[in-house]
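Below is one structure; the comments refer to it alone.
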Amino acid sequence: MPGRFITVEGVEGAGKTTQIRLLAGWLRARGHRVRETAEPDGTRLGAAIRALFATAPGPEPLAEAFLFAAARRQHVVEVIRPALAAGEIVLSDRFADATLAYQGYGRGIPLGAIEALNQLATEGLRPDLTVLLDLDVATGLARLEARPLDPFEALGLDFHERVRKGYLELAGREPDRFVVIDGHRRPEEVQAAIREAVGRLLR
Ligand code: TMP
């Protein structure tokens, strides 16, 4: 049986981590083999790249996009393609849409340039389903306050508003791939909506 590639996207604090954990448990209980992974840190190289964003001065926007593309390339070759070839369901916390949303809509790099980078990094691999957890950015950032912010979380509300709007535009452009779920709802309601979409994909 061919694998399936599912990505989960959203602004900071949207609840991706919790939802992926619940979804993976549900799928495993149904007998599926599941690979949980994440960008940029789904490989050792990617984790090393994430640490570079905390350098001062940090990478300028295009260098930042290159770094995410490098992490993505390694992730596709080392983790995603082999898992799909082995028939697993790959659940990735962020993927190519994140660079369009953050470095494109957020930082202002032309979307065409990022699409070209993504094409190189992924060789055209696209998710079968992308779950976008949509959330008011102030609500999401408030959920993070218990721990120190990473360099992206610390960017202003305007930046995160552009990211949110960007994600919604991407979803509007590809309604067959995206399912947009209201992240303000209770976690169990969000999970039920995700399971419905994933169940449709797997049928
Ligand atoms: P998180 O998904 O664990 O919150 O951390 C990843 C951070 O990196 C998050 O702030 C979003 C950011 N990011 C980008 O800016 N571009 C990308 O392509 C990816 C994968 C993540």
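Largest first and in whole Å, what are the equivalent-ellipsoid semi-axes of the stretch 4-202 based on the Cα gyration tensor, each being the root of 5 times an eigenvalue?
Numbers: eigenvalues 117, 84, 52 Å².
Working through the eigenvalues yields semi-axes of 24, 21, 16 Å.
Please give, to one decimal in nm, the separation of the simple spin-label points placed at Leu157 and Thr18, each 7 Å out from Cα toward the Cβ.
2.3 nm
If the only charges are +1 at each Lys and Arg Cβ and -1 at each Asp and Glu Cβ, what is the size of the charge dipole of the chain around the Cα centre, to the nearest 20 debye? Don't jump to the answer; show the numbers that get you there.
Working: 27 positive and 28 negative charges, 154 e Å.
Dipole size: approximately 740 debye.
Which FRET efficiency, nearest 0.05, do Glu189 and Leu168 yield, Cβ-Cβ r, R0 22 Å?
So, using R0 = 22 Å, E works out to roughly 0.65.
On a C-alpha basis, how far is the centre of the stretch 67-82 from the centre of the stretch 1-64 in Å? Whole number, if you could?
What the calculation gives is 11 Å, centre to centre.
Could you list which residues have their amide H under 5 Å from that of Arg35, counting only those 5 or more apart in sequence or on another chain, with H placed in the peptide plane?
Amide H neighbours of Arg35, under 5 Å, 5+ apart: Ile89, Val90, Leu91.
Run the simple label-point estimate for Thr139 and Asp182 please: 7 Å along Cα→C-beta, distance reported in nm.
0.8 nm
Taking Cα atoms of the stretch 116-198, Rg/Rh with Kirkwood Rh, to two decimals? Present the calculation step by step, with values, prior to reporting the outcome.
Details: Rg = 14.7 Å, Rh = 14.6 Å.
That ratio equals 1.01.
Under 10 Å, Cα contacts only: if you run a Gaussian network model on the chain, which one of His75, His32, His160 comes out with the highest mean-square fluctuation?
Of the options given, His32 has the highest mean-square fluctuation.
Mean residue ellipticity at 222 nm from the helices of the chain, using -39,500 (n - 2.57) per DSSP H segment of n ≥ 4 over the full residue count, to the nearest 500 deg cm²/dmol?
Values: 9 runs with 99 residues, N = 203.
Mean residue ellipticity at 222 nm (helix-derived): -15000 deg cm²/dmol.
Bear in mind these aren't lab numbers, they're just calculated from the coordinates by the rules spelled out. What you see is a predicted model; the values in this text were computed from it and never measured. Because the Cβ atoms are built from the backbone with ideal geometry, glycine has one as well, and the counts that use them run over all protein chains shown.
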